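Please read the structure below before turning to the comments.
The values are calculated or read from the model by the stated rules, or taken from the named source; none is laboratory data. These numbers were taken from a predicted model, which means no experiment stands behind them. Cβ coordinates were reconstructed from backbone atoms using ideal geometry, including for glycine residues, and neighbour counts include every protein chain displayed. Each accessible area value is taken on the protein alone, full model and side chains, heavy atoms only, with ligands, DNA and RNA left out. Shrake-Rupley method; radii C 1.70, N 1.55, O 1.52, S 1.80 Å.
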Amino acid sequence: MGILIDTHAHLDATEFDSDREEVLARAQAAGVRVVVSCGQDESSSRATLALAARFAGLAPAVGVHPHCAKDAGDLAWLPELLRDARVIAAGEMGLDYHYDFAPRETQREVFAAQLRLAAAHGLPAIVHCREALDDALAIAAALGSQAPRAVFHCFTGSIAEGERILAAGDTYLGIGGAVTFAKADTLREAVRRLPLERLVLETDCPFMTPAPHRGKRNEPAYVARVCQAVAEVRGVSPDEIAAVTTANALALFPKLNAFSKA
Ligand SMILES: [Zn+2]
């Protein structure tokens, strides 16, 4: 199926403690050249950087997930990590009004601060946005031409929502296991109709396991299943989806070019 990139994973998760090496070997065997692994707070961002030193195919992103925004403090630790030559993106960051684990005002402040830091360091942003699209787009719009390139990961919305995100700037949509779910007809219609050159593939592992593996731990090798599902939805070959989405991921995250040649 050609070279794939998993643009969103959490390889620092304890779910991978017992077999992380095998997980990455299976990913390579499935054609996944690089896995973008996202930190969720200071300690998980530092853990992700430590993993990147051990595994050549792991590209680190560092940031504060909206679930962790309450404990983000002044983010004084983040610029140092963003300056690390290996870091390919800032994130994951964003807004989650579904779980509301942190007060919304705090989520907005921490998201806006990280978007500004991403831009200041010339890095793209990895955005988690759940039931908060109006506010997320308003925060990005407030930065005007300063807004960094961004991916809205785990996109599960409609065509109209996808179009709003893509109209907001230099933005991409991360498509994951949800596209295989039985009830995801609205998402599949969006994946069919939205511009292929703005879609990237992801697993969000260990979460969001695609069919037919649901109920099991997700892992980067399953991004091949996502690729296959997108190919079925769009009526083209998995090879074409792999080629275009890999090119998209390299355009979204230019520093991945160093990894993809490794
Ligand atoms: Zn995530």
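Placing +1 on the Cβ of each Lys and Arg and -1 on the Cβ of each Asp and Glu in the chain, which of THR106, ALA29, PRO148 has its Cα farthest towards the positive end of the resulting dipole? In the chain, that residue is ALA29. Between PHE259, LEU137, VAL87, the Cα set farthest toward the positive side of the dipole of the chain (charges on each charged residue's Cβ, about the Cα centre) is that of PHE259.
Using the Cα coordinates of the chain, the gyration tensor eigenvalues translate into equivalent-ellipsoid semi-axes of 25, 22, 17 Å, sorted from longest to shortest. The alpha-carbon atoms of the range 154-202 define a convex hull whose volume equals 62 cubic angstrom per residue. Between ARG214 and ALA243, what's the calculated FRET efficiency when r is the beta-carbon distance and R0 is 35 Å? Round to 0.05. It comes to 0.80. Heavy-atom accessible surface of the chain, averaged per residue, reaches 41 Å², computed with a 1.4 Å probe. Contact order, relative form, for the chain: 21 percent (alpha carbon pairs under 8 Å, 6 or more residues apart, mean separation divided by residue count).
Ignoring ligands, DNA and RNA, please state the percent of accessible area on the range 185-262 from carbon and sulfur, probe 1.4 Å. Write out the running numbers ahead of the final one.
Values: 1790 of 3320 Å².
Answer for the range 185-262: carbon and sulfur cover 54 percent of the accessible area.
In sequence order, the range 145-153 has phi-based couplings of 6, 6, 4, x, 4, 8, 10, 8, 7 Hz under the Karplus curve 6.51 cos²θ - 1.76 cosθ + 1.60, θ = phi - 60°, and Gly or Pro positions carry x.
Over the range 18-99, all Cα pairs binned in 10 Å intervals from 0 give whole-percent P(r) values of 18, 45, 27, 9, 0, listed from short to long.
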